[in-house]
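The values are calculated or read from the model by the stated rules, or taken from the named source; none is laboratory data. Just so you know, these numbers come straight off a predicted model, no measurement behind them. Cβ coordinates were reconstructed from backbone atoms using ideal geometry, including for glycine residues, and neighbour counts include every protein chain displayed. Calculation scope for accessible area: heavy atoms of the full protein, side chains included, ligands and nucleic acids excluded. Shrake-Rupley method; radii C 1.70, N 1.55, O 1.52, S 1.80 Å.
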Amino acid sequence: MIKCITFDLDDTLWAVDPVIEVANERLFSWMQANAPLFVERHSVEDIKGRLRTKVVQASPHIAHSVTQVRLAALEAGFLEAGYPKEQVVDLVEASFRVFYDARQEVSFFEHALSMVEGLKKEGYQVGAISNGNASIYKVGLGHCMDFQLNADEAGVEKPHPDIFEQVLAAQNLRPEQVIHIGDNPVADVQGAAEVGMWTIWVNLKGEKWPGGPKATADVTCLSQIPAAVASINQRRRACL
């Protein structure tokens with residue numbers, strides 16, 4: 001029997017780009033009042049582009065973690081803007097907190113929350129496996145998800161098998177007992193399938209499959225996921 005269902009978060013249960021845009025706007029509003037030298041020297045695009053590239057090139061071992069990269073980019077930006085090192089630590093911490101809190105203010109896709117709640121009520125263990133730094137507890141999923149693991153915590157990002165295998169080990173599950181659901185054909189579908197999990201591709205835009213082994217099932221609306229899960233469960237029973 002299928003025992004556990006895991007979800008990607010960004011662009012699977014909500015659109016992430018608008019969230020990050022608002023978070024960056026709030027960050028720069030805070031900086032205008034608290035770190036004006038940063039705003040004089042840098043733009044939002046610098047954080048996403050030049051500063052990010054700079055820190056990833058200097059520290060490729062943190063490239064998997066959007067949190068560590070963001071922290072390092074802020075630090076580099078504050079130093080370039082002329083803030084003394086002893087002040088930068090506090091500025092990085094405070095500015096990241098502003099961004100991070102805003103980053104948790106998501107707008108769920110239609111049916112997302114009720115669908116996850118319904119699967120939890122059916123008795124499945126439900127969790128999240130993500131490359132981003134959204135918190136299931138802060139976005140409003142803590143009551144219907146049992147666990148989460150993100151790339152920062154895992155030390156690798158999807159589709160690396162380790163992030164999926166860490167979840168299996170932590171939850172005492174075999175891969176054939178798990179369905180992973182996500183929007184990314186490589187990070188979610190390929191990554192989960194390569195460790196033996198069942199997969200559901202969330203294709204809300206109705207795109208063509210880009211190639212490679214297909215997901216076990218695909219949906220164009222989140223309301224279709226419970227039926228897809230039930231179908232996979234039937235296939236699982238047939239394999240026993």
- [ ] Collect the residues in region 161-188 that are of a type in the set (A, V, I, L, M, F, W, C), outside any loop (DSSP other than H, G, I, E, B) and surrounded by fewer than 21 Cβ atoms within 10 Å (Cβ to Cβ), keeping them in residue-number order.
- [x] 168, 169, 170, 186, 187
Open item on the list: Let me spell it out: the conditions are (1) open to solvent by 50 Å² or more (accessible area, probe 1.4 Å); (2) part of a strand (DSSP E or B), and residue 199 meets all of them except one. Which number is the exception?
Closed with: (1)
Task: The lone exception for residue 152 - which of (1) farther than 22 Å from residue 3 by Cα; (2) assigned to a loop (DSSP other than H, G, I, E, B) it fails - done: (2)
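Residue-by-condition table, conditions (1) acidic (Asp, Glu); (2) buried (at least 20 other Cβ atoms within 10 Å of the Cβ):
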site	(1), (2)
105	yes, no
108	no, no
111	no, no
116	no, yes
123	no, no
140	no, no
147	no, no
150	no, yes
- [ ] Determine, yes or no, whether residue 62 is surrounded by fewer than 20 Cβ atoms within 10 Å (Cβ to Cβ) and of a type in the set (A, V, I, L, M).
- [x] yes
- [ ] Can you run down the residue pairs with Cβ atoms below 9 Å, 6 or more apart or on separate chains, where the first is in region 186-209 and farther than 20 Å from residue 173 by Cα and the partner is surrounded by fewer than 16 Cβ atoms within 10 Å (Cβ to Cβ) and hydrophobic (A, V, I, L, M, F, W, C)?
- [x] 201/209; 203/209; 204/221
Open item on the list: Condition (residue is more than 30 Å from residue 223 (Cα to Cα), polar (S, T, N, Q) and either touching a residue at least 12 places away in the same chain (Cβ under 8 Å) or in a helix (DSSP H, G or I) (or both)) applied to region 98-109: is it met by at least one residue?
Closed with: no
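Can you tell me which residue among 158, 205, 214 is farther than 27 Å from residue 66 by Cα and not in a helix (DSSP H, G or I)?
None of the other options fit; the residue is 214.
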